[in-house]
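Below is one structure, written out as structure tokens; the observations come after it.
Where a number appears in this text, it was derived from the coordinates with a stated rule and is not lab data. Worth saying up front: this structure is predicted, and the values here are computed from it rather than measured. As a convention, Cβ positions derive from the backbone with ideal geometry for all residues, glycine included, and neighbour counts pool all protein chains shown.
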Amino acid sequence: RMTDDTFIPFADRPLWSDVTPILQDEGPNPVCPIAYSAQFADTMNYFRAIMHRDEKSERALQLTAEVIQVNSANYTAWYYRRLILDALKYDLSKELDYITEIGRTNPKNYQIWQHRKVVVDKSRNATQELAFTASMLEEDSKNYHAWAHRQWVIETFNLWSEELNYTDSLLRQDLRNNSAWNQRYFVISKHFSLSEDKIRDEIQYAISYIKKAPNNQSPWAYLKGLFKGRKYADFPELKTTLVEFKDKYVTCPHILSLLIDVLSEEGGDENTKTAKQYCAELAERLDSIHAKYWKYRAQRI
Amino acid sequence: MAEHLEKEKHTRFILHMLNVLPQKYEGLDSNKVTLMYFLVSSLDVLGELHRIKEPQHFIDYIYSLQILPDKDDPDKNWFNCGWRASPFFGNKFNPCCEPTSLHQHDQNHITMIYTGLLILRILGDDFSKVSTKAITRGMKTLQLSDGSFSCVPGGSENDMRFIYCACAVSFMLNDWSGIDQDLAVDFILSSLSYEGGVAQGPYQEAHGGSTYCAVAALHLMGRIDSIPPSQKDLLIQWCVERQITGFQGRINKIADTCYSFWIGASLYLLGHHKLLDTAAIKGYSISCQSAVGGFSKWPDANPDPLHTYMSLCGLSLGGEEGLGKIDCGIGCTERASGAWLSSSSR
């Protein structure tokens, strides 16, 4: 990060003439010293001074923004900023604008997402959140923070209605987006309570995506996940489909992997024998990097 | 491009960073103890700790970051007791941990207690100046009603990382009064995703980092068996399947060297590290070895302390000659762990 060319040293700012900066004390033998820029050191010197006198003013608020500019991960700056926002009864819609602007250029910063959550929660205004997270996900469709925030917003403000469609639109663009699959699971679990009807729909949905790209692990993990707490035997069409796929998509390891699970549930000598054969095929041919795992698995059938 | 581990280059890379961190590390000023831990522990894994000329300076520096109870009113800042990330608050250098006045905004950060204590341990300190009771009391303020932990008082993000830090600190201090273990276990189990791995929180995406934090936290609490057997099988399978040459952190993401530790150590703690293809792990990590020393997350990127440390640990787990054995539960060499040794025997 380059030093901001517009930076004016605090000593040259009349507004700050009454404040004595506090220098950092690294002791007589500094360890692992960071080569701070003049801007960084100066900004922090005044931040220290303001915190030590517990000042919560407009100029203090602006100072926290300058600290955030040189180190957006400084958790104490964010904490202190929130104290000032409270003390000044600051307009939270303005703060939302600020955090939106900062958030765009720091998409993976924990403190920024947390601050956004606090502002949205306090103001009880979630009107921008789906659009904002969607725009962040356009930049990086797997941004973990964006997805976590989106889940929180949806749950807190009851914004479920379009979410399955949203995940569908993302999967049409990239069917390997595992985060979008995960979001789907979130919706069908929390909003649809994993009802049997919904499960049946989603089985078909997953299978349709498997047909598009059989080696894509995401819909397979999703499909398997749909059976949590249920029996494969209750959906015999699954096994039929898998057997069909086995002959069609001959290089796909996931088919055999799921068949092993299905056959293990069914039990019986023939199935055990077949499942062990599948393990051997996976170990030797289709999934050799996981060979040791498949050999271990075969022993456990 | 070397095809073997270039230990001396890594040692020099680390020593260079310990000497001075470039300006671009300003953004890690509030994470400095963690950064120092990656560097110091890496040297230990390489067997080169003796290259630190003045270890006492490190010990003094770390101790000076401890936040003690206020000398006149110990209840005034009880929620802040613990450790700072760096001297950024403006506290006076206090390596002997003398009683002093503490300020209400001088914040504890749970990760810095974890990494600070580890640095002390690695350098042979006996924790005699560590205020255990103050730390565990301060820790209590960080656990939320769902069992997860935030990292600083006054509110922060809460996720699996900080449950792990809290457990590791409690383990190291042999004092679990700062954690409600049952609540923590509940949060961990409810964060197992449909995929089999563990997410940062309930319903989020299964991820290698949170999987390690969850498994290691359970291990340190002695509660691995609270994972139902069928779930454990899925978890083991999920971890193994993250190996694509190196490891990915989530399904369909590209490989990143740090997962050779997060996933490798998770499997180790679950008793199944031997299910991995160690030659492929080595191949990928070595392809991420930098010509100037250190490791990067993927080939042809810049090396950094975190990926250097994680790659070395991942290689050690794979049996690489000349690297110290790792205590996977705590996050340091077995040499440093010594009598504490948290890992189950191989």
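Brief remarks follow.
- Selected from B:Ile188, B:Ile67, B:Ile227 as most flexible by GNM, with chain B as the system and alpha-carbon contacts under 10 Å: B:Ile227
- Charged neighbours of B:Asp233, selected by a Cβ distance under 14 Å, balance to 0 (K, R count +1; D, E count -1).
- Cross-link check: pairs A:Lys122/A:Lys198; A:Lys117/B:Lys140; A:Lys211/A:Lys273 evaluated at a Cα-Cα cut-off of 26 Å; pairs beyond the cut-off: A:Lys122/A:Lys198; A:Lys211/A:Lys273.
- Choice from A:Ile203, A:Ile22, A:Ile102 showing the highest fluctuation, given a GNM over chain A with Cα pairs closer than 10 Å: A:Ile22
- Spin-label pair B:Phe127/A:Asp168, simplified geometry with 7 Å Cα→Cβ offset, distance in nm: 5.6
- Counting only Cβ charges, +1 for Lys and Arg and -1 for Asp and Glu, the dipole size of the protein assembly as shown around its Cα centre is about 880 debye.
- Taking other residues whose beta carbon is less than 14 angstrom from the beta carbon of B:Ala184, and scoring Lys, Arg as +1 and Asp, Glu as -1, yields -2.
- Potential extension, B:Gln23-B:Ser230 segment - 0.36 nm per residue separation minus Cα distance: 69.6 nm
- Shape category assigned to the stretch A:38-128 from the gyration tensor of Cα positions, a/c cut at 1.5: oblate
- Shape of the stretch A:1-85, Cα gyration tensor, a/c cut at 1.5: rounded
- Within the straight-line cut-off of under 18 Å between alpha carbons, the lysines reachable from B:Lys232 are A:Lys224, A:Lys228, A:Lys292, A:Lys295, B:Lys274, sequence neighbours fewer than 8 places apart in one chain being disregarded.
- Rg/Rg_ref, chain A, where Rg_ref = 2.2 N^0.38 Å and atoms are Cα: 1.42
- Helix A:291-300 vs. chain A, principal-axis angle (Cα, 0 to 90°, nearest 10): 60
- Only aspartates and glutamates eight or more places from B:Lys129 in sequence, or on another chain, were considered; those with a Cα closer than 13 Å are B:Asp60, B:Glu98.
- For chain A, a Gaussian network of Cα nodes joined below 10 Å ranks A:Gln173, A:Gln183, A:Gln111 by mean-square fluctuation, and the top entry is A:Gln173.
- Compared with the dominant Cα axis of chain A, that is its longest principal axis, helix A:75-87 is turned about 70°.
- The stretch B:2-97, dipole about Cα centre (Lys/Arg Cβ +1, Asp/Glu Cβ -1), debye to the nearest 20: 200
- The calculated 222 nm mean residue ellipticity attributable to helices in chain A amounts to -20500 deg cm²/dmol, summing -39500 (n - 2.57) over DSSP H runs of n ≥ 4 and dividing by all residues.
- Karplus-based coupling profile of the stretch A:180-196, in residue order and whole Hz: 5, 4, 4, 5, 4, 5, 4, 5, 5, 7, 7, 9, 10, 6, 6, 5, 4, with θ = phi - 60° in 6.51 cos²θ - 1.76 cosθ + 1.60 and x standing for Gly or Pro.
- Packing around the peptides B:211-218, A:191-198, B:295-302, A:13-20, taken as the average count of other Cβ atoms within 10 Å per residue, puts them in this order, highest first: B:211-218, B:295-302, A:191-198, A:13-20.
- Separation between Cα centres of the stretch B:72-106 and the stretch B:1-66, rounded to whole Å: 25
- Helical content alone sets the calculated 222 nm signal of chain B at -13000 deg cm²/dmol, taking -39,500 (n - 2.57) per DSSP H segment of four or more residues and averaging over every residue.
- Computed FRET value (nearest 0.05) for A:Tyr98 with A:Phe7, which takes r as the C-beta separation and R₀ as 22 Å: 0.70
- Reducing the stretch B:186-200 and the stretch B:284-314 to their Cα centroids gives an inter-centroid distance of 29 Å.
- Sorted ascending by nearby beta carbons within 10 Å, beginning with the fewest, A:Arg176, B:Arg242 become A:Arg176, B:Arg242.
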